[in-house]
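I have placed the structure first, in the form of structure tokens, so that the comments after it can refer back to it.
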Amino acid sequence: MQKTLTSLAAALLLATIGTGAHAAANLITDGDFEMPVVATDSFDTYTNLGGYSATLWGSDATSGTHKIVDVAGNQFMQFGGGDSAYTAFGVGTGGAYTLNFDYNGSGFWALYNVNTSNYVSTGPLVQINGMGTDSSSLTLADNTSYKLYFGSVGAGLPGMTTGLQLDNVAVTAVTPVPEPESYAMLMAGLGVLGFVSRRRQQR
């Protein structure tokens, strides 16, 4: 009986750890740019993609040349020289977040707080150049709306190219918040362990 209760308590605690460590949700919609309407080894601009151009990755530039490019089934956003685009997202629970994205080329990113009309990013433009994965720490506020901007270099500068490719954009919380049922399972596990401990002391 004692071994059974101990095993049950251990199982409940392990289940709690498993459910509490779920992956943090990405606040960016369409951050991987995988759109079935763009055929393999082809491209299309956002203005030709229906609702995408109206709600996701809108353009603040008159050129509006950012497009979805497919290379062997992998899709990414490509900017022309001097073009820019943004996507909006909201934060319910503030705290520490991380911005991640893959890039190739030269350009910048910027994060704008819509509620306060201030840039969160330093500079406010953060330069990116070359090829790789960028990871930046952010502190975001409760119940706040943001706009995340990306853009390319408009003219040839020393050591920089006039274009930018972007993929896998994600804004995620640093520490995922455990689901409510995780706390219930944790309390149940601790309760069983306490019961086993009291039984041992009585004996």
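The values are calculated or read from the model by the stated rules, or taken from the named source; none is laboratory data. From a predicted model like this one, the values you see are computed outputs, not experimental measurements. Note that we place each Cβ from the backbone using ideal geometry, even for glycine, and neighbour counts take in every protein chain shown. Keep in mind that these areas ignore ligands, DNA and RNA; they rest on the heavy atoms of the full protein, side chains included. Shrake-Rupley method; radii C 1.70, N 1.55, O 1.52, S 1.80 Å.
What the table shows:
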read-out: Complete set of residues in region 104-138 that are surrounded by fewer than 14 Cβ atoms within 10 Å (Cβ to Cβ) and among the small types (Gly, Ala, Ser); value: 117, 123, 130, 132, 135, 137
read-out: Conditions (1) in contact with an Asp or Glu (Cβ under 8 Å, 6 or more places away or on another chain); (2) over 28 Å from residue 41 (Cα atoms); (3) of a type outside the set (A, V, I, L, M, F, W, C): number failed by residue 97; value: (1)
read-out: Any pair with Cβ under 7 angstrom, 6 or more apart, that starts in region 161-175 at a residue that is in contact (Cβ under 8 Å) with a residue 40 or more places away in the chain and under 16 Å from residue 77 (Cα atoms) and ends at one that is among the hydroxyl-bearing types (Ser, Thr, Tyr) and open to solvent by 20 Å² or more (accessible area, probe 1.4 Å); value: 164/103; 165/103; 166/103
read-out: Subset of region 76-91 (residues that are over 13 Å from residue 171 (Cα atoms) and within 18 Å of the chain's Cα centre (by Cα)); value: 76, 77, 85, 86
read-out: Members of region 65-82 found to be β-branched (Val, Ile, Thr) and in contact (Cβ under 8 Å) with a residue 40 or more places away in the chain, listed by number; value: 69
read-out: Selection within region 54-98 - modelled with pLDDT under 75 and surrounded by fewer than 16 Cβ atoms within 10 Å (Cβ to Cβ); value: 54, 55, 60, 62, 63
read-out: Candidates 184, 141, 170, 155, filtered to the one that is more than 27 Å from residue 70 (Cβ to Cβ) and at pLDDT 90 or above; value: 141
